[in-house]
Amino acid sequence: MKNYFIDTNLKKRDFGIQMVENTLSIIHEVLPVEKSDIVLSMHLLKKHQGINVRDAIHAAAALRNNFKYILSVDKHFDKIKGLQRVDPLSL
């Protein structure tokens, strides 16, 4: 839902809604955040300058679940070893 929030703030409400709908069409499961994700997110925050807390938690949960890809426009995911960022604007 992050993209929707950002785009509505930029007065691009319709684009934000379309981004959320596109994302929901490819999501098969929503994963819980576990304590180990919070611990790993702290390591990611210390190692990667520029990443925010929410994205560090997303990356940690993805890594814990052995995901290879993360869907995001945020380029700081490119710095995280073990994850390959897929830009939703390129889909």
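The values are calculated or read from the model by the stated rules, or taken from the named source; none is laboratory data. Remember, predicted model here, so these are calculated numbers, not experimental data. With ideal geometry, Cβ positions are generated from the backbone for all residues, glycine too; neighbour counts draw on all protein chains shown.
Sub-9 Å Cβ pairs linking a first residue in the range 22-48 that is in contact (Cβ under 8 Å) with a residue 40 or more places away in the chain to a second residue that is β-branched (Val, Ile, Thr) and surrounded by 10 or more Cβ atoms within 10 Å (Cβ to Cβ), at least 6 apart or interchain, number zero. Sub-8 Å Cβ pairs linking a first residue in the range 76-91 that is in contact (Cβ under 8 Å) with a residue 60 or more places away in the chain to a second residue that is in a strand (DSSP E or B), at least 6 apart or interchain, are Pro88/Leu71, ordered by first then second residue.
Go through the chain and tell me which helices (runs of 4 or more DSSP H), entirely inside it, have 2 or more residues that are at pLDDT below 90, out of contact with any strand residue (DSSP E or B) (no Cβ under 7 Å at 6 or more places or on another chain) and acidic (Asp, Glu).
Those helices (runs of 4 or more DSSP H) span 13-26.
Go through the range 14-68 and give me each residue that's under 19 Å from Asp78 (Cα atoms), surrounded by 13 or more Cβ atoms within 10 Å (Cβ to Cβ) and among the aliphatic types (A, V, I, L, M). Within the range 14-68, Leu40, Met42, Leu44, Leu45, Ile51, Ala56, Ile57, Ala59, Ala60, Ala61, Ala62, Leu63 meet the criteria.
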